[in-house]
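The values are calculated or read from the model by the stated rules, or taken from the named source; none is laboratory data. Predicted, not measured: the structure shown is a model, and the values here were computed from it. No Cβ is skipped: glycine too gets one built from the backbone with ideal geometry, and neighbour counts run over all protein chains shown.
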Amino acid sequence: MARKPAHPRPGRPETSGSPRDRVIDALMTLAAEKPYGDIGLTEIAERASASLAELRDLFPSKGAILGAFSKRIDHIVLEGTTGELAEEPARERVLDVMMRRFDALRPYRDALRSISRDMRRDPLSLAAMNQMALNSHRFMLAAAGIDTTDALGPLKLQGAVGVFARAFETFLEDEEPDLARTMARLDRELDKGERLLRLADDVHALTAPFRAFFRAACRGRRRFRDRMRERMRAPRDRDDEEGIEAA
């Protein structure tokens with residue numbers, strides 16, 4: 001399957017010159033030069049030709065700048081999405097979207113290596129990155145025509161994040177012009193993800209009668225509690241009325 005790159009071939013990342021883009025590019029350029037954990041806010045502001053006050057108005061933290069970078073990549077992939085693969089199997093559509101995301105990330109690979117090394121040592125940052133990835137892949141799967149609003153939606157989303165993250169490890173070291181190693185790893189990970197999703201779908205179907213029973217039982221308990229509250233409230237209401245009449 002031929003792919004159209006979502007971004008020009010690797011080189012110096014281009015910027016529109018807006019203050020937000022200058023800050024994003026400043027962080028990514030610095031991360032390509034030194035460990036991500038050693039980068040300070042003052043350095044970012046200086047590299048972006050901004051004051052600390054201006055930086056504060058734009059972003060509250062380095063993590064927020066990374067979030068804006070992720071949105072930039074989202075936009076590149078989404079703007080390059082067409083209906084050409086609409087008739088292809090879902091797996092091929094997902095593969096295409098994820099590979100176009102890797103294409104968009106290529107100019108920033110040196111920075112991403114530094115960021116990735118630092119994140120592995122910080123569980124809180126990893127959790128934040130996972131949430132960021134979930135937000136991005138919600139749109140990536142939508143671009144591939146995958147519904148994530150059904151009962152298995154959360155599993156599809158987290159599964160997509162996991163598949164991409166494992167292929168990302170290969171991407172960071174993949175120097176092939178067409179990212180052949182990354183595509184091969186992604187292909188294998190999608191195979192595993194498909195098997196897991198089919199298993200989850202089977203389990204979901206098998207447990208449907210039990211879920212219906214428990215939902216009905218919960219509704220019955222709620223109705224029972226409502227009736228009991230009404231019964232307990234009725235004597236109090238009568239006592240209040242009698243007290244008023246006696247007065």
Qualifying positions in the range 17-64 - hydrophobic (A, V, I, L, M, F, W, C) and over 13 Å from ALA111 (Cα atoms):
VAL23, LEU41, ILE44, ALA45, ALA48, ALA50, LEU52, ALA53, LEU55, LEU58, PHE59, ALA64
Being at pLDDT 90 or above and more than 18 Å from the chain's Cα centre (by Cα) is true for just one of ASP96, ASP122, ASP110. Which residue is that?
ASP110
If we scan the range 57-69, do we find a residue that is among the aliphatic types (A, V, I, L, M) and part of a loop (DSSP other than H, G, I, E, B)?
no
How about the range 31-50: which of its residues are of a type in the set (Ser, Thr, Tyr) and within 15 Å of ASP21 (Cα to Cα)?
SER49
Every residue in the range 21-56 that is among the β-branched types (Val, Ile, Thr) and part of a helix (DSSP H, G or I), please.
VAL23, ILE24, THR29, THR42, ILE44
Qualifying residues in the range 4-52 (those that are surrounded by 14 or more Cβ atoms within 10 Å (Cβ to Cβ) and more than 20 Å from GLY63 (Cβ to Cβ)) - the one modelled with the lowest pLDDT
PRO10
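To keep it simple, each residue is scored yes or no on (1) assigned by TED's automatic domain parsing to the domain that holds MET129; (2) modelled with pLDDT under 95.
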residue	(1), (2)
GLY153	yes, yes
GLY159	yes, yes
GLY162	yes, yes
THR170	yes, no
MET183	yes, no
LEU190	yes, yes
ARG219	no, yes
ARG223	no, yes
GLU230	no, yes
